[in-house]
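Readers should treat all values here as calculations from the given coordinates under stated rules, not as data from a laboratory. Source: prediction; values computed, not measured. Cβ placement follows ideal geometry from the backbone for every residue including glycine, while neighbour counts extend to all protein chains displayed.
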Amino acid sequence: MAAVRADDLDQLVPLFERYHGPLFNYLTRLTNDRETSEDLTQTVFERILKYRSSYQPTQPFKAWVYQMARNVHADYWQRKEKLRAADVDEVERTGGLRGAAFSQMRVSSHHDDLHEALALLPTPQREILVLNRFQGFGYEEIGKLLGCTAEAARVKAHRALQALRKIYFAGD
Amino acid sequence: MKTPELTACHEMEALLPAYVERSLPTIEAERVAAHLAGCPSCQLQVTQLRALTDDLDAALPEVPRTALRANFMAMLEQQKALLPTAATTAAPTPAPPAKVVSMWPTAVANNWMRIAASIVLIAAGVLLGRQLPWSGGNDNGLATNTNASKAAPAALADALVGDSGRHISASDRIQLVTNSTKVTEPGDATVQVLLNTLNFDPSPNVRLAACEALYRLRDDPRVREGLTNSLPLQTDPNVQIALIDMVVSLRVRRAVPQLERLAKRPDALPVVRAQAEAGIGKLI
């Protein structure tokens, strides 16, 4: 990333290869929308380029890029909320259609229930589980990303896991 | 009466995820184990937490479409073009503008290509259509679902470029190309029309559809030749990878020199170059 910062933009290609899959996965779990997540992943890399001079070489690239992805998602969320306020019907209709398209895209039906249960969690809880379980973040890293201690991150992750368990096994 | 038990269970709820994770200090873990022994509802919780953890571990990651990579590369090239000239002279690779042009059908060069492709397609279609024996008097219904007065490949070529300048959308062209092999036998002129589409259509998606259609006509020797010749013409990574996969699966040894060149092309994506390398390994 230090090379990208020094305007050697080709050096972003290996970083893209390494991170675009995990970032897309992270954003898809947060938004439940593959198409939007592709756009958001692209936006993350646009911002990396745009703000490359603000990257501190002492900082781990992973932490920096996930912080960027969180901000991109937060901006998207705000835009969506504004839109919802402006035209509730329209958003609900397209949201429904997108949801239908999303569920049709699933290859494996076995994991459908898990993803549906995850989708029902409040976003902060979902995010912490996705980071911990899907992105391989330790509690220390999560704490840094979310601005809390590792111990607080651990407690939050455990609460989120219990909340997910209740949804997942609600029918049992 | 049940209140102390419920309170204990409530306290357990906070501890059980750590217990399942085996991250509790020994003393606490023993306390939890002692409670579990006499509490079926907390036992159920542990079973569920374990099952949930297993399912989370087994969940497959979402994989983005290859379009994401293409969009990223286009964006990167744009950003590189915006860099001050001092930086660009330091890296004297001449390719970037050509690459951006290849991805967007609205680019100026592609309009020229479209006209050239139209002429080539019409000429090839009409010529080959006239030469082939089944264009007159064949009664197996090949041409019945297109235009009875035209041979199928000529009709396809015409349809692909649009009659009298009418614009045919990329999705319509994909449909035409995909359907083309359903009504044809190996050995007819459709192969040539499809090869022209593969080489000259402005849309990478149409070119990909032509790739797939040609694969179905792989018994025709022109297909192997045409795919090999098409390798150096392609600039879209998806088409490049599809072509590499096809020459490898058809075991076209002649393609090795083209693959070697592709593996060294500075404007090709690392993933394309790696695929070409792997293909060479399988062919030699």
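Using Cβ contacts closer than 10 Å as the measure, can you line up B:I284, B:I119, A:I128, A:I167 from fewest to most? Working shown, then result.
Values: B:I284 9, B:I119 12, A:I128 24, A:I167 17.
By the 10 Å Cβ count, ascending, the order reads B:I284, B:I119, A:I167, A:I128.
Please compute the modelled spin-label separation between B:L127 and B:D172, points set 7 Å along Cα→Cβ, answer in nm with one decimal.
With each label point 7 Å from Cα toward Cβ, the separation is 2.7 nm.
Calculate the FRET efficiency for A:W64 and B:R222 from the Cβ-Cβ distance with a Förster distance of 51 Å, rounded to the nearest 0.05.
After rounding to 0.05, the efficiency reads 0.45.
Could you give the spread of the C-alpha atoms of segment B:218-284 along their three principal axes, from largest to smallest, in whole angstroms?
32, 22, 16
Quick check on my link table: of A:K82/A:K156; A:K62/B:K80; A:K62/B:K282, which ones sit more than 25 Å apart, alpha carbon to alpha carbon?
Over 25 Å Cα-Cα: A:K82/A:K156; A:K62/B:K282.
Could you name the aspartates and glutamates in cross-link range of B:K264, using Cα to Cα under 13 Å and dropping any fewer than eight places away on the same chain?
The reachable aspartates and glutamates, counting only those whose Cα sits under 13 Å from B:K264, are B:E277.
Quick check: residue separation of A:D112 and A:Y51 times 0.36 nm, minus the Cα distance between them. What number comes out in nm?
18.2 nm
Would you work out if segment A:108-172 is rounded, prolate or oblate? Take a ≥ b ≥ c from the square roots of the eigenvalues of the alpha-carbon gyration tensor; rounded if a/c is under 1.5, else prolate when a/b is larger than b/c, oblate otherwise.
prolate
What FRET efficiency would be calculated for the residue pair A:N71, B:E212, taking the C-beta separation as r and a Förster radius of 35 Å, to the nearest 0.05?
Efficiency at R0 = 35 Å is approximately 0.30.
Take peptide A:158-165, look around each residue's Cβ out to 10 angstrom, count Cβ atoms belonging to other protein chains, and average those counts.
6
Residue separation times 0.36 nm, minus the C-alpha to C-alpha distance between A:E35 and A:T149: what's the value?
37.7 nm
Quick one: grab the alpha carbon gyration tensor of segment B:8-56, order the square roots of its eigenvalues as a ≥ b ≥ c, and give me rounded if a/c is under 1.5, else prolate or oblate depending on whether a/b is larger than b/c.
Because a/c hits 1.5 or more and a/b fails to exceed b/c, segment B:8-56 counts as oblate.
Assuming 0.36 nm per residue, please report the length gained on full extension of the stretch B:R265 to B:A51 beyond their Cα-Cα distance.
72.1 nm
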